[in-house]
1. In the stretch 43-57, what residues are surrounded by fewer than 22 Cβ atoms within 10 Å (Cβ to Cβ), under 17 Å from residue 153 (Cα atoms) and modelled with pLDDT under 80?
2. Which one is modelled with the highest pLDDT, of the residues in the stretch 136-190 that are within 19 Å of residue 11 (Cβ to Cβ) and assigned to a loop (DSSP other than H, G, I, E, B)?
3. Any residue in the stretch 87-101 that is closer than 14 Å to residue 57 by Cβ sitting within a Cβ distance under 6 Å of a residue that is crowded, with 16+ Cβ neighbours inside 10 Å and at pLDDT below 75? List the pairs, counting only those 6 or more apart or interchain.
4. Does any residue of the stretch 105-125 turn out to be in a helix (DSSP H, G or I) and either at pLDDT 85 or above or within 19 Å of the chain's Cα centre (by Cα) (or both)?
5. Take residue 64 and tell me if it is part of a helix (DSSP H, G or I), at pLDDT 80 or above and within 20 Å of residue 160 (Cα to Cα).
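The values are calculated or read from the model by the stated rules, or taken from the named source; none is laboratory data. Computed from a prediction, not measured in an experiment: that's the story for all the values here. Cβ coordinates were reconstructed from backbone atoms using ideal geometry, including for glycine residues, and neighbour counts include every protein chain displayed.
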């Protein structure tokens, strides 16, 4: 089935939301739920296997965070980018809470081997990615939006270009630049 009618319907619902029609929110969720759930599964596939958060819970948490911002996205692709960003933030907050719980606030001394095991369990790469994206956002917020839409939302170059009002060539350059910057930033070598 083509995404075109769904895309138009989503855009119309977003316009209704922007005009103050609160009932359009539930219709938008119903229309895009399967796609949001697929996006959440994709995000969860990058997490550790024993993650306590499930895809459905991730969709629900992200949806709650998006409620105050639903009038902002201009079209389906832009909305999915915002949803991907919200999901990423939910996962980051979840990882931070998990890390805080593991530390427990108690100041007990642990053997070095226990500390290594704790670091391996805490899923550092997601937090490192979040820190790198925050740093990149200070340099070039547009690159972060391209990453969020491409990597987290799975949007195509054309969808990103439309959502961000860029040419497809500019999106391709931004994607290449962002990948190179992140590779350098996340490279563990000194």
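1. 44, 45, 46, 47
2. Selected residue: 166.
3. Close Cβ pairs (under 6 Å, with a partner that is crowded, with 16+ Cβ neighbours inside 10 Å and at pLDDT below 75) amount to 94/53.
4. yes
5. no
Rundown of residues vs (1) more than 19 Å from the chain's Cα centre (by Cα); (2) at pLDDT below 85; (3) surrounded by 21 or more Cβ atoms within 10 Å (Cβ to Cβ); (4) more than 22 Å from residue 160 (Cβ to Cβ), yes/no style:
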| site | (1), (2), (3), (4) |
| --- | --- |
| 4 | yes, yes, no, no |
| 38 | no, no, no, no |
| 59 | no, no, yes, no |
| 68 | no, yes, no, yes |
| 71 | no, yes, no, no |
| 74 | no, yes, no, no |
| 97 | no, yes, no, yes |
